[in-house]
Ligand SMILES: [Zn+2]
């Protein structure tokens with residue numbers, strides 16, 4: 001059997017159709033793919049270039065972060081505990097008005113490091129200067145579904161929506177057939193765009209066969225904006241414009257009405273749940289149990305690190321499970337397995353990247369390994385429970401994409417992390433002086 005590497009797993013959380021957790025397994029990896037999954041003893045004699053002993057770990061599929069704004073790592077902590085509009089107008093928008101391609105590249109590199117160290121192998125990004133994020137992802141080795149956020153006002157990377165569409169076309173041409181970098185079309189919200197942008201962007205997503213992502217129904221203020229602009233709620237508008245289909249990925253859905261859940265389910269649209277961002281901005285608790293009951297596919301995302309403060313999908317899983325119980329007053333709401341599904345298989349399907357989020361023969365070797373030696377994982381009576389409720393991102397020893405290691409025990413083999421931190425110190429100085437000059 002051809003073999004580049006054997007990964008020896010104490011436990012293997014496959015996330016396959018039966019959600020099997022197997023003990024003492026070997027993953028035989030060749031050409032970036034999992035060629036075979038065997039009991040450890042059957043792989044003992046196999047000759048290969050590398051043998052990774054992770055017998056003290058659970059090996060699981062790399063987590064899929066279905067919504068973030070990765071370059072906002074630069075703005076982490078600059079404006080916590082503020083009202084949403086004040087945070088946007090006094091912190092985020094003034095900072096974003098000074099962004100450059102180089103700063104977005106730095107922020108994206110840092111985000112790649114953070115995600116890899118927390119077991120994430122693929123993320124969906126919505127931001128500006130996405131060519132800089134693509135460059136960072138390409139060099140680092142993660143997978144990503146990148147989307148230039150489309151707004152009806154000029155941004156630092158384009159002046160008009162037409163220019164934004166042209167940027168999307170250019171990125172698609174530059175990365176055509178790339179094995180790790182894909183794209184989506186992403187109007188920002190209904191109230192920061194227009195009917196024309198919503199229609200045109202959806203047509204583009206259909207023409208290019210890409211996911212179409214949008215922040216939707218995040219809080220009561222958004223409902224008011226939508227009523228004032230269009231005379232209806234965001235979901236009704238998207239439905240009327242023909243923007244709801246299996247390629248539609250609606251982010252947040254905090255204030256979805258019961259009837260809207262059925263509209264989304266009928267259309268086959270996905271929802272991305274970002275519970276930590278929703279909590280920190282006091283947007284509310286999304287009706288996730290009701291979404292699942294109605295048959296809506298729900299994925300998990302961290303949202304940007306300026307509003308959730310970390311790109312930690314383990315925390316997102318735990319928070320999702322806890323918040324659902326609080327919202328429903330029902331401790332059986334959103335069990336651990338459902339939360340893990342939302343961070344793996346469901347997120348992969350929402351982004352149209354079906355072979356991610358599970359470990360299967362013939363599938364990509366995108367995986368992460370979490371130590372079971374930690375006190376918080378001892379005794380290992382229920383590994384899915386530990387990953388969702390106990391782990392919180394601790395004990396990630398290794399993360400791999402297409403069989404290539406992107407993180408191993410504190411080291412990032414594809415990036416000069418110390419050099420990156422030096423550059424980031426300068427960038428932080430830039431952000432602080434910018435805020436000082438605005439408030440002076
Ligand atoms: Zn967002």
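The values are calculated or read from the model by the stated rules, or taken from the named source; none is laboratory data. Just so it is clear, the structure is predicted and the values come from calculations on it, not from any experiment. All Cβ positions, even for glycine, are placed from backbone atoms using ideal geometry, and neighbour counts span all protein chains on display.
Output the residues belonging to region 77-123 that are within 24 Å of residue 370 (Cβ to Cβ) and assigned to a loop (DSSP other than H, G, I, E, B). Scanning region 77-123 gives 118, 119. Here region 46-74 is the region considered, the condition is being in contact with a strand residue (DSSP E or B) (Cβ under 7 Å, 6 or more places away or on another chain) and assigned to a helix (DSSP H, G or I), and the residue that is surrounded by the fewest Cβ atoms within 10 Å (Cβ to Cβ) is 71.
Residues in region 298-312 that are more than 15 Å from the ligand (Cβ to nearest atom) and over 17 Å from residue 213 (Cβ atoms): 1 in all.
Report whether or not residue 334 is in the same structural domain as residue 107 (by TED's automatic domain parsing), buried (at least 21 other Cβ atoms within 10 Å of the Cβ), assigned to a loop (DSSP other than H, G, I, E, B) and away from the ligand (no atom under 15 Å from the Cβ). Answer is yes for this residue. Do you know which residues across region 1-23 are surrounded by 17 or more Cβ atoms within 10 Å (Cβ to Cβ) and either without any contact (Cβ under 8 Å) to a residue 12 or more places away in the chain or on the phi > 0 side of the Ramachandran plot (or both)? 15 - this is the single residue of region 1-23 that is surrounded by 17 or more Cβ atoms within 10 Å (Cβ to Cβ) and either without any contact (Cβ under 8 Å) to a residue 12 or more places away in the chain or on the phi > 0 side of the Ramachandran plot (or both). For region 394-409, a tally of residues being in a loop (DSSP other than H, G, I, E, B) and closer than 19 Å to residue 55 by Cα returns 4.
Taking region 358-381 on its own, how many of its residues are over 30 Å from residue 245 (Cβ atoms), in a loop (DSSP other than H, G, I, E, B) and touching a helix residue (DSSP H, G or I) at 6+ places or on another chain (Cβ under 8 Å)? Of the residues in that region, 2 qualify.
Does at least one position in region 343-357 carry a residue that is outside any helix (DSSP H, G or I), surrounded by 19 or more Cβ atoms within 10 Å (Cβ to Cβ), outside the structural domain of residue 245 (by TED's automatic domain parsing) and in contact with a helix residue (DSSP H, G or I) (Cβ under 7 Å, 6 or more places away or on another chain)? Yes; the residues of region 343-357 include at least one that is outside any helix (DSSP H, G or I), surrounded by 19 or more Cβ atoms within 10 Å (Cβ to Cβ), outside the structural domain of residue 245 (by TED's automatic domain parsing) and in contact with a helix residue (DSSP H, G or I) (Cβ under 7 Å, 6 or more places away or on another chain). Screening region 21-45 for residues that are farther than 24 Å from residue 179 by Cα and in a strand (DSSP E or B) and picking the one that is nearest to the ligand (Cβ to nearest atom) gives 21. Going residue by residue through region 371-386, is there one that turns out to be crowded, with 24+ Cβ neighbours inside 10 Å, within 25 Å of residue 141 (Cα to Cα) and at pLDDT 95 or above? So far as region 371-386 goes, no, none of its residues is crowded, with 24+ Cβ neighbours inside 10 Å, within 25 Å of residue 141 (Cα to Cα) and at pLDDT 95 or above. None of 266, 276 is in a helix (DSSP H, G or I) and within 15 Å of the ligand (Cβ to nearest atom) except 276. Just one of (1) under 25 Å from residue 153 (Cβ atoms); (2) surrounded by 17 or more Cβ atoms within 10 Å (Cβ to Cβ); (3) within 16 Å of the ligand (Cβ to nearest atom) fails for residue 271. It is (1). Residue 231 meets all of the listed conditions (1) within 19 Å of the chain's Cα centre (by Cα); (2) away from the ligand (no atom under 16 Å from the Cβ) but one, namely (1). Somewhere in region 287-297, is a residue in the same structural domain as residue 187 (by TED's automatic domain parsing) and within 16 Å of the ligand (Cβ to nearest atom)? There is no residue in region 287-297 that is in the same structural domain as residue 187 (by TED's automatic domain parsing) and within 16 Å of the ligand (Cβ to nearest atom). Scanning for something out of contact with any helix residue (DSSP H, G or I) (no Cβ under 8 Å at 6 or more places or on another chain), more than 16 Å from the ligand (Cβ to nearest atom) and in the same structural domain as residue 173 (by TED's automatic domain parsing), does region 238-249 turn up at least one residue? Looking for residues that are out of contact with any helix residue (DSSP H, G or I) (no Cβ under 8 Å at 6 or more places or on another chain), more than 16 Å from the ligand (Cβ to nearest atom) and in the same structural domain as residue 173 (by TED's automatic domain parsing), one finds at least one in region 238-249, hence yes.
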